[in-house]
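**Student:** I have a structure here, written as structure tokens, and I will follow up with some questions on it.
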Amino acid sequence: MKYPFSLVALFVVAGCGSPSSPTQAGPSAAAQPAATNTLHQAVSTYIQAHASAFPGYEAVRWSPPTAYTKMNEAAIKGFVAMKAFDDALIPRNQALAEYKNSLARHDAPAKTAAIMARYGKANKYNDSLLAIANAFIGVKDTARLGTGVVHTYRAKNESGALVLDSATFVVHRNGQIEQL
């Protein structure tokens, strides 16, 4: 395990006591299941509103709610940006190969310049995606943005078969729900 202290700190912060432990007694213990039910209802309402994305939806189970912080958001957005960067490498590399082939064929200068311009544009786009991805590295802000929950459900796939799937949902502090 690369960051054992982080995992221990997460358990301490999350309060992973058993439901029968004395620290769970009191008014906050009664409020927690109500908040969890509200969270589940909000996500269920979101799923009903987006029924076309969840055909034949049947709820299976819910994970315990977790804090969704700026650090979590940065990790997800950084991953998405790196995926876009990786996907953009293919057309960039194709444009580079076309440019090299143009030079090897001794194409007319105007044709080579047009191919070089396409490569330059692809390279610039790729560099901008890398800059976006790098902006999310090292974010340590633990400001809470909302609550996250992983929901496992059954839904029909493209061929109509009922399959088990899961999705992570975030209920932001303003009530907005987002599927990650």
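The values are calculated or read from the model by the stated rules, or taken from the named source; none is laboratory data. Because the structure is predicted, anything quoted here is derived from the model rather than measured. Because the Cβ atoms are built from the backbone with ideal geometry, glycine has one as well, and the counts that use them run over all protein chains shown.
**Student:** Please enumerate the residues belonging to segment 130-180 that are closer than 28 Å to residue 86 by Cβ, among the hydrophobic types (A, V, I, L, M, F, W, C), assigned to a strand (DSSP E or B) and under 15 Å from the mean Cα position of the chain (by Cα).
**Tutor:** Hits for segment 130-180 are 145, 150, 167, 169, 170.
**Student:** I'm trying to understand the selection: among the residues of segment 21-53, which are outside any helix (DSSP H, G or I), at pLDDT below 65 and either within 25 Å of residue 177 (Cβ to Cβ) or among the hydroxyl-bearing types (Ser, Thr, Tyr) (or both)?
**Tutor:** Matches in segment 21-53: 21 only.
**Student:** Every residue in segment 112-153 that is touching a Ser or Thr at 6+ places or on another chain (Cβ under 9 Å) and of a type in the set (Ser, Thr, Tyr), please.
**Tutor:** Residues satisfying the conditions are 112, 142, 147, 152, 153.
**Student:** Restricting attention to segment 85-97, report how many residues are buried (at least 16 other Cβ atoms within 10 Å of the Cβ) and either under 13 Å from residue 132 (Cα atoms) or not hydrophobic (A, V, I, L, M, F, W, C) (or both). Lay out the reasoning, then the answer.
**Tutor:** Looking only at segment 85-97, we keep the residues that are buried (at least 16 other Cβ atoms within 10 Å of the Cβ), and these are 85, 88, 92, 95-96.
Now narrow it down to the ones that are either under 13 Å from residue 132 (Cα atoms) or not hydrophobic (A, V, I, L, M, F, W, C) (or both): 85, 92.
Residues flagged as buried (at least 16 other Cβ atoms within 10 Å of the Cβ) and either under 13 Å from residue 132 (Cα atoms) or not hydrophobic (A, V, I, L, M, F, W, C) (or both) within segment 85-97 amount to 2.
**Student:** Can you name every residue in segment 134-161 that is of a type in the set (A, V, I, L, M, F, W, C) and more than 21 Å from residue 45 (Cα to Cα)?
**Tutor:** Hits for segment 134-161 are 135, 136, 137, 139, 143, 161.
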